[in-house]
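Here is the structure we will look at.
The values are calculated or read from the model by the stated rules, or taken from the named source; none is laboratory data. Since this is a predicted model, take the numbers as computed values, not measurements. Here Cβ is always computed from backbone atoms with ideal geometry, including for glycine, and neighbour counts include all displayed protein chains.
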Amino acid sequence: MLAARRQQASAGAGSDVDEELSKYLCDQSTDVTALNCYILIRKLYIELTVNTGLPASAAFERLFSLWIEFSLLCDLSLAVNILR
């Protein structure tokens, strides 16, 4: 995608890319829907985020957080049964 942008820049379309980039950087919006106003930035964002896998640690973090929640629920249900 970046190579295509460089080719466009050398073909005279670089001013459009530069203009869109400067508008995007000056935009005060922090919502991801603001990307709908910036077609080139949105395409690049999608390309970079969709094709990015989870780090290996993220899967383990999810697994252990679920295990901790499950353990807490089991302990809580055990405590409730004892109090009955």
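The condition (being at pLDDT 75 or above, of a type outside the set (S, T, Y) and over 30 Å from L21 (Cα atoms)) is satisfied by just one residue among F60, F64: F64. Restricting attention to the range 18-35, the residues that are surrounded by 10 or more Cβ atoms within 10 Å (Cβ to Cβ) and assigned to a helix (DSSP H, G or I) add up to 10.
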